[in-house]
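Accompanying notes for the structure given below.
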Amino acid sequence: MSTVEYPPRTVEALLADGTTAVIRPLSAADHAAVLDLHGERMSEGSRRWRFFGASRRAPELAADRLCGTAHPTGLLALGAWVDGELVGEADCEPAQDRPEAAELALAVADAWQHRGVGTLLVEHLVHAAREHGITTFEADTLAGNRAVHRLFTDLGLPVHRRFEQGEVRVLVPLEDEAEHYREAVDERGRSADVASLAALLRPRSVAVIGASRRMGSVGRTVLVKIRRNGFAGDLWAVNPYASEIAGEPAHPSLATLPGTPDLAVLAVPAGAVPGAAEECGVAGVRALVVLTAGLDADQARQLMYSCRRHSMRLVGPNSLGIAQLDPAVRLDAEFGGAAARTGTAGVAVQSGGVGIALLGQLARLGIGVSSFVSLGDKYDVSGNDLLQWWEGDGRTDLALLHLESFGNPRAFSRTARRVARSLPVLTVDAGRSAAGRRGAASHTAAAATPTVTREALFRQAGITATRSVAELVEAAALLHAQPLPGSRGAVAVVSNAGGIGILAADACAEAGLSLPELSAATTATLLDLLPDGAAVGNPIDTTAAADPDELGRCVRELVKGGAVDAVLVAIVPTALSAATGLDPLRVLLDGPVEGRGRVPVVLVLPDQDVTVRYLNRAGGGLLPAYADPVAAARALAHARDRARWLAEPSSPPVAVADTSDSAVARHLAQAFLAEHPEGGWLDPKETADLLDCYDLPLTTSIWARGEHDVLLAARTLGQLGHDGESVLKAYWPDQLHKSAADAVRTGLGGSDEVRAAYREFEARFGESMAGVVVQPMAAPGLELLAGVVQDQVFGPLVMLGLGGTATDLLDDRSARLAPLTERDLTTMVTELRSAPLLTGRPGTPPVDLAALRRVLTGLSRLACDLPQLAEADLNPLIARPGGLLCVDARVRLEPRPAFDPYLRQLRRPAAAQRAQG
């Protein structure tokens, strides 16, 4: 099998039924295929809808126009291929007198109509048209062409129609920020994704390829597990060297099977994987789970090529396997040590070892699994796919993820944000340290994601991020069994021993929870309920003398009072309870707790020998019991955070001021990259011009190249400066940190000081100095950093933090994926440790927060408008009650094509891509 080469600008995406289509621009080499599409593969009726007549020359003219000598200037044409066959094309041709408007045309082979081909092509054509400055599609259609009118209606963009003598003139504005369009694309993507996963997660038949007779081998283990778990469909073993394996008949090849399996599990050597995958694809298999590890780059490319060509979804390679425990399926095709319990938690992991540990801990706790997928090296199926499956499978009410890398994090964020509204999504934040990131990158053959970007993703998406598998299970135990607390995070701590109560109170405080003072009425009631000597200040010490009924009444009073959002009950065994035989837990498990549907109750039992377990309540329901108050408090804090996120209203993207000039900014970026093809840092004037497009408050600056010009500029700007002073900054290309290079002089009060500073620069930096930036001295204020960094995986992030020399020292920063929402503008400030410096405190007024919001909004728009923006720093950004002023800024551009993170396309993993030379 030859090495696979992907044509440039080729993407793969899913049709409505889950079939994989290849989308790419048409070229002269496609002339015959386009002619065949419009001729032999479209009926006379379809051609009449397409060409408004039945001309015999219409197919030939169409092929010449799209791929031949008649190709019009500016024409954009895309084709959709399935298994090497052209099944549809869409094109648009700009109007000669109105280049911002383009005439749209569309054709789909009869056999492929009503499968989403046309809609997928138009979505990709919208993206290409926007790149080329086209803002409107126009089309002439026949009034009776219901299919194309339904396509326009369902697209998600505004549609304007004008009827004229049986024809309809359609106008579709291509709005850049149309949320309704994104939602429509999301829903089409979700539906197609779920359809493509059916063969993987609801297979009617399974083949294990490479199952051997050797005891303990991976293939045999999986085969035995599938049979023992009672798989509801057909199960076949494939091995050319055996007639029977573990009691199952073995078949020499796929071709000899009595039917075509929906799912094939591959447990063959790495060198045999590409051939086995291609054989599966040719046979009509729709999903693969590859357990094999150690594929080289060429084997990876061949595997992915076969999967995409034949519309097979792939889990792995290097996968532990999958389990779908729906009673209607009962598939357990993994080689972990313990069998997962049937339940309602969806689990997806990249590491097989983590998967084994997580399944074991969930089983011991008593949380069952709806489906489990070990993603392995994650060439295809990802956490994003599984979230969409769980969202609609009718069984899953808790999603648990262990992801070391992200393929399309913006799509993941958008999906997780939607799914997390209906069920908790928890993850282990793996790869926080530099060593952890190296390990993650090595393990997954993908770029590990920097910590700050992952944290931004998790916050925006409403994902509960934990720091270990144990913490994940602890949080899941609470979220699975108890209601969410109120968003305040107010906790009452009740204990039968003062020491454990104090430890629990400390744990709650350190987790960010509060222990409010109880009202006088509640305090009086508790004193009446409890024995003499009880302390009721919160934490509440019932003393060891409290019998179970008194303890129960105390908890019920706190639950129904409404003063707290959660109750933590810490109980230690005492000699008194041992002597009386009265178990303090009995009343909590047997007696009613009024209002427990609203207020979560958690237990801390220091003497138990497991980290967390469930205690069954009489009449149903579970109480999570933790051995350590730190674990209980941490779980409550995660639940509080989820409650807060759910309580936040849906926040729209920030509105950009009408004064922003995106067109000028794009022109500036294109001009710079035309002169510097490899990219680089903008000089001070170019930086000022670009930032001015977004009304970013860069201080007045004059670029000067000689002593005379510097003195003139200083006299002019010094009058504007604080105390009449000016600032000089030496500049040379590729300069990074002026302060570190000692290239800044501030507080220059007169011509003599300015002249001396300039001559010092000239003597020290010599010919390398390209010039000097002269600025008025800024009044003192709080120094901030605001900027954009372009992450290769995540795209642009907007960052805010303390600036100046404190930037790296204190590392107090917040970040969000662009585009920012109105909510982001608030939370980016409030989550900083230094937030009180910005929002004000007694004796110190707040800085101009409205101006700060405008700066963040401008950076967000800049980041979204210019994919070439590699990084931008406004540092320091001096904030005062009367406004903000940036006194230094750096911008770096790189040649980079526009990327639409919301465009429907399957991820192509780095290990399976050809080298882009």
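The values are calculated or read from the model by the stated rules, or taken from the named source; none is laboratory data. This one's a predicted model, so the numbers in the text were calculated from it and none came from an experiment. Neighbour counts are summed over all protein chains in view; Cβ atoms, including those assigned to glycine, are modelled from backbone coordinates with ideal geometry. What goes into the accessible areas is simple: the full protein's heavy atoms, side chains included, and nothing from ligands, DNA or RNA. Shrake-Rupley method; radii C 1.70, N 1.55, O 1.52, S 1.80 Å.
Return yes when Arg596 is closer than 13 Å to Ala566 by Cα, at pLDDT below 90 and either surrounded by fewer than 21 Cβ atoms within 10 Å (Cβ to Cβ) or aromatic (Phe, Trp, Tyr) (or both) and no when it is not. Explain how you work it out, then say what you get.
Numbers: closer than 13 Å to Ala566 by Cα: yes; at pLDDT below 90: yes; either surrounded by fewer than 21 Cβ atoms within 10 Å (Cβ to Cβ) or aromatic (Phe, Trp, Tyr) (or both): yes.
Judged against the criteria, Arg596 is a match.
Consider Thr746 against the criteria (1) surrounded by 14 or more Cβ atoms within 10 Å (Cβ to Cβ); (2) assigned to a helix (DSSP H, G or I); (3) in contact with an Asp or Glu (Cβ under 9 Å, 6 or more places away or on another chain): it satisfies all of them except one. Which criterion is unmet? Result: Thr746 passes all but (2). Among the residues of this structure, Val282 does not count as one that is under 20 Å from Ser212 (Cβ atoms) and either assigned to a loop (DSSP other than H, G, I, E, B) or out of contact with any Lys or Arg (no Cβ under 8 Å at 6 or more places or on another chain) (or both).
Within segment 364-384, the set of residues being among the charged types (D, E, K, R), open to solvent by less than 20 Å² (accessible area, probe 1.4 Å) and at pLDDT below 95 comprises Lys378 only.
Checking each residue in segment 374-383 for being assigned to a strand (DSSP E or B) and within 26 Å of Gln482 (Cα to Cα) picks out no residue at all. Output the qualifying pairs, or none if there are none: Cβ atoms under 9 angstrom, residues six or more apart or on different chains, first residue in segment 395-419 and open to solvent by 20 Å² or more (accessible area, probe 1.4 Å), second residue part of a strand (DSSP E or B) and polar (S, T, N, Q). Within 9 Å, the pairs are Arg395/Thr344; Arg395/Ser370; Arg395/Ser371; Asp397/Thr344; Asp397/Ser370.
Under 20 Å from Ala779 (Cβ atoms), outside any helix (DSSP H, G or I) and open to solvent by less than 70 Å² (accessible area, probe 1.4 Å): does that describe Leu696?
yes
Each residue in segment 616-637 was checked for being part of a loop (DSSP other than H, G, I, E, B) and either at pLDDT below 90 or open to solvent by 40 Å² or more (accessible area, probe 1.4 Å) (or both), and 6 of them qualify.
When Glu40 is tested against (1) open to solvent by less than 60 Å² (accessible area, probe 1.4 Å); (2) in a loop (DSSP other than H, G, I, E, B), just one condition goes unmet, and that condition is (1).
Only one of the numbered conditions (1) open to solvent by less than 20 Å² (accessible area, probe 1.4 Å); (2) touching a residue at least 40 places away in the same chain (Cβ under 8 Å); (3) more than 21 Å from Val34 (Cα to Cα) is violated by His132, and that is (1). Annotation: of all residues in segment 259-316 being open to solvent by less than 40 Å² (accessible area, probe 1.4 Å) and of a type in the set (Lys, Arg), the one that is nearest to the chain's Cα centre (by Cα) is Arg313.
Pairs are defined by a Cβ separation below 8 Å, a sequence spacing of at least 6 or placement on different chains, a first member in segment 876-896 that is farther than 18 Å from Thr687 by Cβ and open to solvent by 20 Å² or more (accessible area, probe 1.4 Å), and a second member that is at pLDDT 90 or above and in a strand (DSSP E or B); the pairs so defined are Arg880/Leu782; Arg896/Ala870. Scan segment 391-402 for residues that are closer than 15 Å to Val315 by Cβ and either at pLDDT 95 or above or of a type in the set (A, V, I, L, M, F, W, C) (or both) and jot them down. Leu401 - this is the single residue of segment 391-402 that is closer than 15 Å to Val315 by Cβ and either at pLDDT 95 or above or of a type in the set (A, V, I, L, M, F, W, C) (or both). Over 22 Å from Ala192 (Cα atoms), open to solvent by 20 Å² or more (accessible area, probe 1.4 Å), among the hydroxyl-bearing types (Ser, Thr, Tyr) and touching a Leu at 6+ places or on another chain (Cβ under 8 Å): does that describe Thr119? In short, no.
Considering every residue within segment 19-27, establish whether at least one is farther than 30 Å from Glu100 by Cβ and surrounded by 14 or more Cβ atoms within 10 Å (Cβ to Cβ). Checked against the condition, which is being farther than 30 Å from Glu100 by Cβ and surrounded by 14 or more Cβ atoms within 10 Å (Cβ to Cβ), segment 19-27 yields at least one hit.
Inside segment 208-227, residues that are surrounded by fewer than 21 Cβ atoms within 10 Å (Cβ to Cβ), charged (D, E, K, R) and either without any contact (Cβ under 8 Å) to a residue 40 or more places away in the chain or assigned to a loop (DSSP other than H, G, I, E, B) (or both) make up a count of 3. Taking the listed residues Gln719, Gln735, the one that is open to solvent by 40 Å² or more (accessible area, probe 1.4 Å) and of a type in the set (S, T, N, Q) is Gln719, with no other qualifying. Can Arg150 be described as over 25 Å from the mean Cα position of the chain (by Cα) and over 28 Å from Asp17 (Cβ atoms)? The answer is no for Arg150. Just one residue in the set Leu558, Leu568 is in contact with a Ser or Thr (Cβ under 9 Å, 6 or more places away or on another chain), at pLDDT 85 or above and part of a helix (DSSP H, G or I); that residue is Leu558. Close Cβ contacts (under 8 Å, 6 or more residues apart or on different chains) running from residues in segment 51-78 that are under 23 Å from Val168 (Cβ atoms) and in contact (Cβ under 8 Å) with a residue 12 or more places away in the chain to residues that are among the aromatic types (Phe, Trp, Tyr) and surrounded by 16 or more Cβ atoms within 10 Å (Cβ to Cβ) comprise Ala58/Phe51; Ala62/Phe51.
Counting the residues of segment 174-194 that are open to solvent by less than 40 Å² (accessible area, probe 1.4 Å) and out of contact with any Phe, Trp or Tyr (no Cβ under 8 Å at 6 or more places or on another chain) gives 5.
Of all residues in segment 749-782 being in a helix (DSSP H, G or I), among the aliphatic types (A, V, I, L, M) and open to solvent by less than 20 Å² (accessible area, probe 1.4 Å), which is nearest to Leu711 (Cα to Cα)?
Quick first cut of segment 749-782, residues in a helix (DSSP H, G or I) only: 751-768.
From what's left, among the aliphatic types (A, V, I, L, M): 754, 756-757, 763.
Filter again for open to solvent by less than 20 Å² (accessible area, probe 1.4 Å), leaving 754, 757.
Details: Val754: 7, Ala757: 11 Å.
So the residue we want is Val754.
Considering the conditions (1) surrounded by fewer than 24 Cβ atoms within 10 Å (Cβ to Cβ); (2) outside any helix (DSSP H, G or I); (3) in contact with a Pro (Cβ under 8 Å, 6 or more places away or on another chain), Thr344 is excluded by exactly one of them, (3). Applying the criterion of being part of a loop (DSSP other than H, G, I, E, B) and among the aliphatic types (A, V, I, L, M) to the residues of segment 638-692, the residue that is farthest from Glu831 (Cα to Cα) is Leu682. Reported count of residues in segment 148-176, each being in contact with a helix residue (DSSP H, G or I) (Cβ under 9 Å, 6 or more places away or on another chain) and either under 27 Å from Thr415 (Cβ atoms) or of a type in the set (S, T, N, Q) (or both), is 12. Candidates are the residues of segment 53-82 that are part of a loop (DSSP other than H, G, I, E, B) and among the basic types (Lys, Arg); the one that is modelled with the lowest pLDDT is Arg56. For segment 350-363, the count of residues that are open to solvent by less than 20 Å² (accessible area, probe 1.4 Å), part of a strand (DSSP E or B) and touching a Ser or Thr at 6+ places or on another chain (Cβ under 9 Å) is zero.
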